[in-house]
Amino acid sequence: LVFFVLTSLGTMLLRKNGFYVVVVTLVLLVISGWRLAGRKNLLIAALIIMVLYYFVTGPVYRLAGVKEGNVGEMLSVPLQQMARTYVYHYSELDKADCELLEQYVPREDLGKYIPTVADGVKANFREEYYRNNKVAFWKIWMKWGMKFPATYVSSFLINTADYWYPKAIIDGYN
């Protein structure tokens with residue numbers, strides 16, 4: 001359990017998108033282990049992981065002078081999910097939603113979508129626009145995810161295969 005907590009915390013701290021991997025894993029573990037005798041330990045571990053993460057990325061980072069990273073890095077998973085949906089389901093999407101997404105990510109970058117690499121999509125992510133319009137971003141993300149859940153799951157699994165698939169070597173650059 002201690003190793004699991006430390007590994008989860010390391011994943012979240014060393015990779016921005018590791019946060020999503022751990023959160024999804026914790027949710028699935030809590031749901032699947034709800035009726036098991038060790039569920040109390042699982043819930044405690046999940047709580048410890050989240051408290052430690054926010055403690056380290058909050059007060060500890062401030063004391064150490066760590067500067068906030070690129071928001072696009074933190075949003076690489078949702079950006080990839082939305083880009084995949086944009087590319088594969090464009091004709092089925094509300095054009096106003098597409099135009100709004102293009103305010104966050106230039107159309108040209110959405111067209112550079114590669115399933116295994118988020119760099120093309122997040123390269124010119126407009127952080128300032130996001131900071132001023134977070135709610136609209138998450139509304140589109142939620143709306144498209146509800147309409148195309150398999151696309152979102154597929155995008156997530158492709159982007160995180162190195163974390164969960166034994167011997168995975170996914171080099172999207174080659």
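The values are calculated or read from the model by the stated rules, or taken from the named source; none is laboratory data. Here the structure is a predicted model, which means the values were calculated and not measured. Cβ coordinates were reconstructed from backbone atoms using ideal geometry, including for glycine residues, and neighbour counts include every protein chain displayed. Surface accessibility is based on the protein's heavy atoms, side chains included, excluding ligands, DNA and RNA. Shrake-Rupley method; radii C 1.70, N 1.55, O 1.52, S 1.80 Å.
Relative contact order for segment 98-169: what is it in percent, counting Cα pairs under 8 Å that are at least 6 residues apart?
27
Tell me which of GLY72, TYR165, ASN133 sits at the most positive position along the dipole axis of the chain, charges placed on C-beta atoms (Lys, Arg +1; Asp, Glu -1).
TYR165
With a 10 Å radius around each residue's Cβ, average the other Cβ atoms per peptide and rank 42-48, 153-159, 27-33, highest first.
153-159, 42-48, 27-33
Let me have the relative contact order for segment 39-164, percent, based on Cα pairs under 8 Å that are six or more residues apart.
Here the relative contact order equals 29 percent.
If DNA, RNA and ligands are ignored and the probe is 1.4 Å, what is the ranking of TRP164, TRP144, TRP138 by accessible area, most exposed first? Before the final figure, lay out the partial values.
Working: TRP164 130, TRP144 5, TRP138 80 Å².
Most to least solvent-accessible, the answer reads TRP164, TRP138, TRP144.
Note the angle between two axes, namely the Cα long axis of helix 39-55 and the longest principal axis of the Cα atoms of the chain, as a number of degrees from 0 to 90, rounded to the nearest 10.
60
Using only the alpha-carbon atoms, how far is helix 2-14 inclined from the longest principal axis of the chain? Give it as 0 to 90 degrees, nearest 10.
Once rounded, one gets 30 degrees.
Rounded to the nearest whole Å², what accessible area per residue is found for segment 1-142 with the 1.4 Å probe?
Computed with neighbouring chains in place, this is 59 Å² per residue.
Rg over Rh of segment 1-139, using C-alpha atoms and the Kirkwood radius, what does it come to?
Reported Rg/Rh, Kirkwood definition of Rh: 1.05.
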